[in-house]
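Single-structure report; data block below.
The values are calculated or read from the model by the stated rules, or taken from the named source; none is laboratory data. Here the structure is a predicted model, which is why all the values come from computation and not from measurement. Here Cβ is always computed from backbone atoms with ideal geometry, including for glycine, and neighbour counts include all displayed protein chains. Surface accessibility is based on the protein's heavy atoms, side chains included, excluding ligands, DNA and RNA. Shrake-Rupley method; radii C 1.70, N 1.55, O 1.52, S 1.80 Å.
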Amino acid sequence: MSTAAPSAEFLGHPKGLFVCFLTEMWERFAFYGMKALLLLYLVKHHGFNDGDGYLLLGTYAGLAYALPLLGGLLADRYLGMRKAVLFGGALLVAGQFGMAYTGSPAAEGGRDALAVQVMYASLALIAMGVGFLKPNISTIVGRLYAENDARRDSAFSIFYMGINVGAFLASVIVGYVGERLGWGYGFALGGVMMAAGLVQFVLGQKHLMGQAEPADPARLRAPLLAGLSLEWLIYLGALLGVVVVWQVLQTRIDFEPLNRLVGGHQVTLTELVAVVLGTALYAWFAVLMFSGIDRVARGKMLLLLVLTTVSALFWGLYEQTYGPWVALAERAMDRSTFGLEWTAGQTTAIGALCVIAMSPLFAWLWPRLDRAGLNPGYAAKFAAALMLCGLAFGVLAFACAHPGADGLVSLWWMILAYVVLVAGEMVLSPIGLAAVTALSLPRVVGTMMGAWFLFSAFGEMIAGRLATYAAIPPGAEGTVSAAQALAVYGPFFTQMMWIGLGAGLALLLATPLLNRLTR
Ligand code: GLN
């Protein structure tokens, strides 16, 4: 693909890989640091009730995974990846610093309305920033390698490691700074590190071997409307988009039958948009199926659609780690190990640490299973992922039913639950990315990748919605006791366990049928 003289290498890979690695690492540092703090910040600082906190967490993260569809498209057609990353990074830095304005804590008189609005606007900036940065930094990685370069898979493994190193550092450091030194300091730290990552990207962009440039630079520069170039119109359009997202984030659909259907917590506008987008995607897919593609390709695409759909349910369970799992850690857990007392937000670091520890194991395992003819197909792996997810909730449900003498759950149960959960992530997340590239019709692979992330977005929203069923109204003094928390979380986690196990079993039973699709 590249005709440029090969840029200097590092550890057997193009230097550009490490430029992307560090950029994405600090982007994820900002994103996951924010996520580790967000629920606690909403509930403890701005006085949100549990349900509203969970829903905002879900709609915000959902938008952050849905907007890459737009950011990827604009970069492909017009901007090129490098400019998109720079613009997205700038929005991210602005959003993180905006979050640092925390105003005054909620009191009898109500919430600090200005600070809450600044927060919604900042979340919108971050979601749009992720939309421009995340898909494009990943695309650049792919473009640093020729079509048949055998190093491509290991490049993505290294890149996925960067994602999780960023997530781990974020939970440990931002979790501590935000909860112990002040919320604003935690959010600002995310901004500072994202800015450092961006400076690093600017300095390192020469190593991208010209692979991230706009398709037609002259067209991008030429004045198009009111003396403004296409490039500036895209930036202005995106800022307008931020204003729209700012409003969408806080809009609820107050329609009584719908409210009753979802147990009283009003449906959000984001959820409604998600249903429309999902329907449109299936409709597009149906049309594609009948556009004269051959039987084998059709079978593969159908399998891919099933896998992508299933992934939304997986993430719908998995992403509750930033919701009810954090709430459990905050309200009813003995969070000390080895003489150190962790904050509730810091417990989210366990997941990223498990990914870092298990990735090499699975990278070693698949080729070996393959050679022995024992590598299970995609459908079986996804079924296993759902069941492991269910089991992880089972571990927590058991722990909630068996607190220690102090009435608190031991952190070790959560560590065990994360180990089981991340084993599930390992057979679904990297495998899913590979499945998109292997099963998709080549001419729609970009769209299918966008669809993969769109279903992650649906997963985030499903997680927020499911969590509302674990919402606990605060007692008279405004706090939730450990006993009260355990009485709600135990049965709730048991239900999540059955969803995971049930869906996994159903998929397992359908596996022979699904395998036949690709034959
Ligand atoms: N944890 C991975 C990331 O942050 C994948 C998340 C997802 O696809 N939902 O990039």
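I need every pair where a residue in segment 24-51 that is closer than 20 Å to Gln200 by Cα has its Cβ under 8 Å from the Cβ of a residue that is open to solvent by 10 Å² or more (accessible area, probe 1.4 Å) and of a type in the set (Ser, Thr, Tyr), sequence separation at least 6 or different chains.
Glu24/Ser138
Any idea which residue in segment 10-38 is nearest to the chain's Cα centre (by Cα), counting only those that are within 16 Å of the ligand (Cβ to nearest atom) and open to solvent by 10 Å² or more (accessible area, probe 1.4 Å)?
Among residues in segment 10-38 that are within 16 Å of the ligand (Cβ to nearest atom) and open to solvent by 10 Å² or more (accessible area, probe 1.4 Å), the one nearest to the chain's Cα centre (by Cα) is Tyr32.
Among the residues of segment 48-56, is any in a loop (DSSP other than H, G, I, E, B) and of a type outside the set (A, V, I, L, M, F, W, C)?
For segment 48-56, residues in a loop (DSSP other than H, G, I, E, B) and of a type outside the set (A, V, I, L, M, F, W, C): present.
Considering only residues that are among the aliphatic types (A, V, I, L, M) and assigned to a loop (DSSP other than H, G, I, E, B), which ones fall in segment 140-175?
Residues satisfying the conditions are Leu144, Ala146, Ala150.
Before we move on, is Val93 surrounded by fewer than 18 Cβ atoms within 10 Å (Cβ to Cβ) and part of a helix (DSSP H, G or I)?
Against the criterion (surrounded by fewer than 18 Cβ atoms within 10 Å (Cβ to Cβ) and part of a helix (DSSP H, G or I)), Val93 does not qualify.
Confirm whether Gly98 is of a type in the set (Gly, Ala, Ser), without any contact (Cβ under 8 Å) to a residue 60 or more places away in the chain and more than 16 Å from the ligand (Cβ to nearest atom).
The answer is yes for Gly98.
Taking the options Leu288, Leu258, name whichever one is more than 21 Å from the chain's Cα centre (by Cα) and open to solvent by less than 20 Å² (accessible area, probe 1.4 Å).
Criteria check complete, one pass: Leu288.
Could you tell me which of the residues Leu421, Leu416 is part of a helix (DSSP H, G or I), at pLDDT 95 or above, within 30 Å of Glu330 (Cβ to Cβ) and away from the ligand (no atom under 16 Å from the Cβ)?
Unique residue meeting the criteria: Leu416.
I'd like to verify a number: residues in segment 434-451 that are open to solvent by 10 Å² or more (accessible area, probe 1.4 Å) and either of a type outside the set (Val, Ile, Thr) or within 14 Å of the ligand (Cβ to nearest atom) (or both), how many?
10
Table: residues versus (1) under 17 Å from Gly62 (Cα atoms); (2) open to solvent by less than 30 Å² (accessible area, probe 1.4 Å).
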site	(1), (2)
Met99	no, yes
Ala106	no, no
Ser122	yes, yes
Val130	yes, yes
Gly142	no, yes
Arg151	no, no
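Conditions tested, residue by residue: (1) surrounded by fewer than 14 Cβ atoms within 10 Å (Cβ to Cβ); (2) more than 16 Å from the ligand (Cβ to nearest atom); (3) over 29 Å from Thr309 (Cα atoms); (4) at pLDDT below 90.
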site: Gln320; (1), (2), (3), (4): no, no, no, no
site: Gly323; (1), (2), (3), (4): no, no, no, no
site: Glu341; (1), (2), (3), (4): yes, yes, yes, yes
site: Thr348; (1), (2), (3), (4): no, no, no, no
site: Ala352; (1), (2), (3), (4): no, no, no, no
site: Pro360; (1), (2), (3), (4): yes, yes, no, yes
site: Trp366; (1), (2), (3), (4): no, yes, no, yes
site: Ala372; (1), (2), (3), (4): yes, yes, yes, yes
site: Asn375; (1), (2), (3), (4): no, yes, no, yes
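Looking only at helices (runs of 4 or more DSSP H) that lie completely in segment 176-272, which have at least 1 residues being at pLDDT 95 or above and of a type in the set (D, E, K, R)?
It comes to none.
Cβ-Cβ under 6 Å, sequence separation 6+ or interchain: first residue in segment 483-495 and of a type in the set (Phe, Trp, Tyr), partner part of a helix (DSSP H, G or I). Which pairs?
Between residues of segment 483-495 that are of a type in the set (Phe, Trp, Tyr) and residues that are part of a helix (DSSP H, G or I), the close pairs are Tyr489/Leu328; Tyr489/Cys400; Phe492/Ala470; Phe493/Phe393; Phe493/Leu396; Phe493/Ala397.
Can you find a residue that is assigned to a helix (DSSP H, G or I), under 29 Å from Trp364 (Cα atoms) and away from the ligand (no atom under 16 Å from the Cβ) anywhere in segment 461-478?
No, segment 461-478 has no match at all.
If Ser311 satisfies every condition in (1) away from the ligand (no atom under 16 Å from the Cβ); (2) in contact (Cβ under 8 Å) with a residue 40 or more places away in the chain; (3) open to solvent by less than 50 Å² (accessible area, probe 1.4 Å); (4) touching a helix residue (DSSP H, G or I) at 6+ places or on another chain (Cβ under 6 Å) but one, which is the exception?
Result: Ser311 fails condition (1) only.
Do the conditions hold for Leu505, that is, is it farther than 27 Å from Asn49 by Cβ and open to solvent by 60 Å² or more (accessible area, probe 1.4 Å)?
Yes; evaluated as a whole, the condition is true for this residue.
Take the residues in segment 141-173 that are within 15 Å of the ligand (Cβ to nearest atom) and among the β-branched types (Val, Ile, Thr), then tell me which one is nearest to Leu55 (Cα to Cα).
Ile163
Among Leu508, Leu416, Leu513, which is of a type in the set (A, V, I, L, M) and in contact (Cβ under 8 Å) with a residue 60 or more places away in the chain?
Leu508
Only one of these is free of Cβ contacts under 8 Å to residues at least 24 places away in the same chain and hydrophobic (A, V, I, L, M, F, W, C): Ala363, Ala332, Ala372. Name it.
Within the list Ala363, Ala332, Ala372, the selection yields Ala372.
In this structure, is Ile293 in contact (Cβ under 8 Å) with a residue 40 or more places away in the chain and within 16 Å of the ligand (Cβ to nearest atom)?
Here the answer is no, as Ile293 does not meet what is asked.
Are any residues in segment 485-519 under 27 Å from Arg298 (Cβ atoms) and small (Gly, Ala, Ser), and if so, which ones?
Correct list: Ala503, Gly504, Ala506, Ala510.
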